[in-house]
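Single-structure report; data block below.
The values are calculated or read from the model by the stated rules, or taken from the named source; none is laboratory data. Here the structure is a predicted model, which means the values were calculated and not measured. Note that each Cβ is placed from the backbone with ideal geometry, even for glycine, and that neighbours are counted across all protein chains shown. The accessibility values were calculated without ligands, DNA or RNA, using every heavy atom of the protein model including side chains. Shrake-Rupley method; radii C 1.70, N 1.55, O 1.52, S 1.80 Å.
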Amino acid sequence: MNIFKRIPIPIRYKHPLSITMILVILSFILILFLFSTYLISPGYALIAANTTPNSSHNNQIISSLKEQILQLRESYKSFLPRKPYLIVNTSDNQFALMEKTKILQEGKCSTGSYILLKATEEREWLFKTPRGMFQVNVKLRNPVWYKPDWAYIEEGVPIPSPYSPKRYQEGVLGDYALGFGKGYLVHGTVYKRLLGYPVTHGCVRLDDEDMREVFVQLNHGSKIFIY
Amino acid sequence: MGLKCLATSYISKLILCSLIIASLSCKAKHDEDHATKKDKNIVPNSTGMPLDTINAKITNLNIERLFWENRIKMAQDKSIDLALDLIDSMVTLEIKGVRIRPCKISDYLISGNLLDLKQEPELLTWLENPFILQNQWADIPKEPIKIRYITSDDTMPDNYFELLKENIEDINIVLHYNRNLILHICQEINHVVSDSLIQNNSQGELLGSGYRITLSVNINDAKAIYRALSSGSELILRY
């Protein structure tokens, strides 16, 4: 009983529930404060951003990009020639007859020698095969070669008149030839041992067997890619 | 009444202390978890993928998208161009959308600034259009021209076939594109050779600070690439 008497402030306990309530409220405020730091911390923000709306947004972006890439790949495929085409590699003197991405025939060829022939100060010729994309503009069976001036100069023989019948030579271009502009031809050859070497005056020489297949597959407008 | 009040007070204090301790332990655990996640760069999401992985994936897909967009742009013109795909380790000569020479890259090296660029928002602007070749150097001639003078005793030499072959053991090529992209092609990656080759060019200082890629490809591929490209030809890049 004395214990109670020793308590000097009974008046403070007039409203004990209020004090309890204050303490509880204070504790909730403290808890809220502590949790608020948790809720607004950067890590939580990132998690929140990626778990709910942004993750699905990211997935949409990824799907959309994949879809776009697929469409672009398909569009790119449309650039492939629909008809068979020829690729000539002047660096290694190789050719490939192609249909879409499939190789129909491949082998050795001869391309421009890069010889600069100097006859006089004014007259010179560079024997190179042009690079780039070309189209077949003429198909010839049993082609006849019109022998140009440089051929006579190379041989060291007098140059005949431009209309001389001596200029026309049969057989030296093989059985077939395809013209692709500016007098350049893809043709057969009698100089088989020179296939694989850069020895021509600008034309592309193929082995006769290969040339036959190329002649059959390529038509007017067929593409020839030379690099 | 007094006992009841005292008991209520003690209980309140006890509850308060328990709540404080619980909150503090909860926050400490959260901080610990967050620190662990930050350290490992792992931020989970609903797909279960880390955030960095998602961002990297989106960046890579954007690079791939631009690569294909530019490939189509490049196919519009008739020049011989280059498609450089470091992800597939391929460098390809192309004309009008036709892959005329795909070359395998045996090894490659990317400069630090180019790797850093991958983290920057400017990357996509930088890759938006094909690069255009501005200057090129190599230790082989662009065109292997042999001059032949016609003389009265002009005859075919005995070693004719030997003369037709180009005896090249190693080729170093430097291709300088716009937007400060430098492509160095060689057969074996050697930093000393690469640096000296780039610094010895007339625009050495400019090139030294460029975004540099060094490729190792076989000698025939390197020769074909160098001889096929002309000034103004384009390049597309995926890395």
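Couple of notes before you dig in:
- Normalised contact order of the range A:85-226, rounded percent, pairs of Cα under 8 Å and 6 or more residues apart: 34
- Loop-resident trypsin sites (Lys or Arg not before Pro) (DSSP state other than H, G, I, E or B) in the range A:155-221 with no more than 14 further Cβ atoms inside 10 Å of their Cβ: A:182.
- Largest accessible area first, the listed residues A:133, A:211, A:21, B:90 line up as A:21, B:90, A:133, A:211 when surface is computed with a 1.4 Å probe on the assembled protein chains.
- Heavy-atom accessible surface that A and B bury in contact, both chains counted, 1.4 Å, Å² to 100: 6000
- Loop-located GluC sites (Glu not before Pro) in the range A:106-164 (DSSP state not H, G, I, E or B) with no more than 13 neighbouring Cβ atoms inside 10 Å: A:121, A:122.
- Here the accessible area is traced with a 1.4 Å probe on the protein chains. For the range A:85-226, carbon and sulfur cover 50 percent of it.
- Amide H contacts for residue B:233 (H built 1.01 Å from N in the peptide plane; partners 5 or more residues away or on another chain; cut-off under 5 Å): B:133.
- Accessible surface for the range A:150-202, divided over its residues, is 53 Å² per residue with a 1.4 Å probe.
- Residues of the range A:84-105 whose accessible area (probe 1.4 Å, heavy atoms of protein chains only) drops by at least 30 Å² once all protein chains are present, relative to their chain alone: A:87, A:91, A:92.
- Residue by residue along A:71-80, Cβ atoms of other protein chains within 10 Å of the local Cβ number 5 on average.
- Take each residue in B:69-80, count the other chain C-beta atoms within 10 Å of its C-beta, and the mean is 3.
- The alpha carbon convex hull volume per residue for the range A:142-214 rounds to 98 Å³.
- Dipole of the range A:85-226, positive end: most advanced residue of A:127, A:85, A:96 [Cβ charges, Cα centre]: A:85
- Counting only heavy atoms of the protein chains and using a 1.4 Å probe, residue A:157 has close to 60 Å² of accessible surface.
- Shielding by partners for peptide B:211-224, expressed as the average number of C-beta atoms from other protein chains within 10 Å of each residue's C-beta, is 1.
- Anisotropy class of the range A:85-226 from Cα gyration tensor, a/c 1.5 cut: prolate
- Annotation: peptides A:169-177, B:130-138, ranked by per-residue average of other Cβ atoms within 10 Å with the highest first, follow the order B:130-138, A:169-177.
- Violating pairs (Cα-Cα greater than 29 angstrom) within the set A:118/B:142; A:100/B:118; A:108/B:146; A:102/B:142: A:100/B:118; A:102/B:142
- Accessible surface of residue B:21 - all protein chains present, 1.4 Å probe, nearest 10 Å²: 120
- Accessible-area ranking of A:79, A:95, largest first, probe 1.4 Å: A:79, A:95
- Computed over the range B:44-150, relative contact order equals 20 percent, with contacts defined as Cα pairs under 8 Å that lie 6+ residues apart.
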